[in-house]
Ligand SMILES: *Cc1c(COP(=O)(O)O)cnc(C)c1O
């Protein structure tokens, strides 16, 4: 290998941040070279949201299985292999299932995933099946599934890889490190969707650790965003039947609820809820103003930022803000095709083409 190119080759999040990741130090990483996702300046979107802000998008949809879950899964599966596991299990709204299936395949482990029947976006189901997981549809919610896999892991040698698994947090916090490494400091605000609340917990761990080590001058304020129909943390009480188009955050009883509340408090942050209509508006806006396609749950962070800019009670104007786009738009193609006018159909004749496009010399 050329000595100059060596430093440009990304080894995955465990190897890149090895001394920070509290998993078995001797474990050989199970990696698909996740992480190192782009932090994209989004000036068009900032204007469209109505903010005099320095806005960046952390495009986590570019991870190997299409969501940020891969950061945590590389660590969880690496630790599971080090512990001698033969099989892993999780409950999922879709992306955890696809990620667990991919990393389990890489490690040669059996993988069981429980998903709420009919509530999984097409691309997530396709991934989980393609990577060879045993997919189990449950006639219930994510929260029902999580309760079941917790028991399954207690009463068998199967390892649980939901975000209550501490290794998941160790991997996921690397997104905070990457943001600081690129910007040279933490941003003023970090804005992200909140479902089971593992991600907000992990980001706060990462930013806090970098700050304590002197690698950033501050920690960001966190702006968490839930969907109105699935907003237990905003409301302060469990939601029995959560409902939202943003299926990745369709969770009524987050496993990391208390950790999220602590992170919001310690960061002097805020959590708010947005409607499905606001989520879909932001989903189209980022795709059409920046050419970045994310799934509806990811767009919740943008919708939350927009309503907070409008309300004006958080000090957001003039600030450097990072919005986390948690998953790729191709995960959920139906959300795009169902909400945008179908393509026009024409006969293969130039006259009809000119009629549609309008331009002609
Ligand atoms: C998992 C997920 C979330 C929610 O993250 P939590 O850690 O459960 O709060 C948001 N968006 C996408 C795309 C996800 O896959």
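What follows draws every value from the coordinates through simple rules; no lab data is involved. Source: prediction; values computed, not measured. All Cβ positions, glycine included, derive from the backbone under ideal geometry; neighbour counts span all protein chains shown.
Quick one: check the C-alpha center-to-center distance for the range 53-77 versus the range 246-302, whole angstrom.
Value for the Cα centre distance between the two parts: 15 Å.
Using a Gaussian network for the chain with springs between C-alpha atoms less than 10 Å apart, which of these wobbles most: 298, 156, 275?
156
By its C-alpha gyration tensor, with a ≥ b ≥ c as the square roots of the eigenvalues, how is the range 1-156 shaped: rounded for a/c under 1.5, else prolate for a/b larger than b/c, else oblate?
oblate
To the nearest 0.05, what FRET efficiency results for residue 340 and residue 41 with a Förster distance of 25 Å applied to their C-beta separation?
Taking R0 as 25 Å, the efficiency between residue 340 and residue 41 is 0.45.
Evaluate the relative contact order of the chain (contact order divided by residue number), counting alpha-carbon pairs under 8 angstrom at least 6 apart; express in whole percent.
The value is 19 percent.
Quickly rank 321-333, 285-297 as a protection proxy: mean count of other C-beta atoms within 10 Å, highest first.
Per-residue mean Cβ counts within 10 Å order the peptides as 321-333, 285-297.
Once both labels are modelled 7 Å past Cα along the beta-carbon direction, what's the residue 349-residue 307 spacing in nm?
The two pseudo-label positions are separated by 5.0 nm.
Once you sort the root eigenvalues of the Cα gyration tensor of the chain as a ≥ b ≥ c, which label holds: rounded (a/c under 1.5), prolate (a/b larger than b/c) or oblate (the other case)?
Because its axes are fairly even, with a/c under 1.5, the chain counts as rounded.
Along the Cα→Cβ direction, 7 angstrom out, place labels at residue 110 and residue 18. What is the inter-label distance in nm?
3.3 nm
Using only the Cα atoms of the range 117-251, build the gyration tensor, take square roots of its eigenvalues as a ≥ b ≥ c, and label the shape rounded, prolate or oblate: rounded if a/c is under 1.5, else prolate if a/b is larger than b/c, else oblate.
In terms of gyration-tensor shape, prolate.
Please figure out what share of the DSSP beta bridges in the chain is antiparallel and state it in percent, rounded to the nearest 5.
15 percent
With each label point set 7 Å from Cα along the Cα-Cβ vector, what nm distance links residue 359 and residue 152?
5.4 nm
What number, rounded to the nearest 500 deg cm²/dmol, is the helix-based mean residue ellipticity at 222 nm of the chain, given -39500 (n - 2.57) per DSSP H run of at least four residues and division by all its residues?
-12500 deg cm²/dmol
Based only on other Cβ atoms within 10 Å, what is the fewest-to-most ordering of 73, 238, 205?
Ascending number of Cβ neighbours within 10 Å: 238, 205, 73.
Quick one: check the C-alpha center-to-center distance for the range 106-126 versus the range 193-243, whole angstrom.
24 Å
Stretched out fully, how many nm does the piece from residue 25 to residue 181 gain, at 0.36 nm a residue minus the Cα gap?
That pair, residue 25 and residue 181, stretches by 53.8 nm at full extension.
Suppose the chain between residue 122 and residue 330 were pulled fully straight at 0.36 nm per residue; how much longer would it get relative to their current alpha carbon spacing?
74.0 nm
Nearest 0.05, what FRET efficiency do residue 8 and residue 266 give at R0 = 51 Å with Cβ-Cβ as r?
0.90
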